[in-house]
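I have a structure I would like to understand better, so I am pasting it below and will then ask my questions one at a time.
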Amino acid sequence: MTPMFLSIGAGELVVIVVLAIILFGPEKVPDLVKKTARVVVYLRNIANSATDTLKEQLGPEYADLTPADLHPRRLLERTVLKEVQADLDAIKAQVDGLKTDLSDAGTLESLASLDRSLADATSNLQQAVESDQ
């Protein structure tokens, strides 16, 4: 995960500096930059400390944990999906094999046609029900 401040381009940085000079004056800008740097370092230390504490409490299997791993999707992949990934891969292979068999037999096109017909019939039925109400 890329920190937000690294995604700032040169043009955006120039605009920020010009606005800071206009709003705070050229004599206060260096002091504001120092204070901002201290706040960033302080917040980074808090994040690192929280990550270290979490690693200690979760145990050795989470020794390589990073804050990006705490995103719900990655956490789910790391804990739950890791155990069933082989089963999911086997199911995917079976489905891919069925798709190949169906497309070879021309059944896939007829199923798609049937699906479109069912969708049309469903929408016509819904319109008829709505018009009766």
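Add +1 for every Lys or Arg and -1 for every Asp or Glu among the other residues with Cβ under 13 Å from the Cβ of ALA63, and state the total.
-3
Separate question: Apply the Karplus curve 6.51 cos²θ - 1.76 cosθ + 1.60, θ = phi - 60°, to the phi angles in the range 89-94 and return the couplings in whole Hz, x for Gly and Pro.
5, 5, 5, 4, 5, 5
Counting other Cβ atoms within 10 Å, keep those with at most 16, restrict to DSSP loop, and tell me which trypsin sites (Lys or Arg not before Pro) in the range 7-89 are left.
Filter output for the range 7-89: LYS28.
Each value in this text was obtained by applying a stated rule to the coordinates, not by laboratory testing. Keep in mind that this is a model prediction, so the values were computed, not measured. All Cβ positions, even for glycine, are placed from backbone atoms using ideal geometry, and neighbour counts span all protein chains on display.
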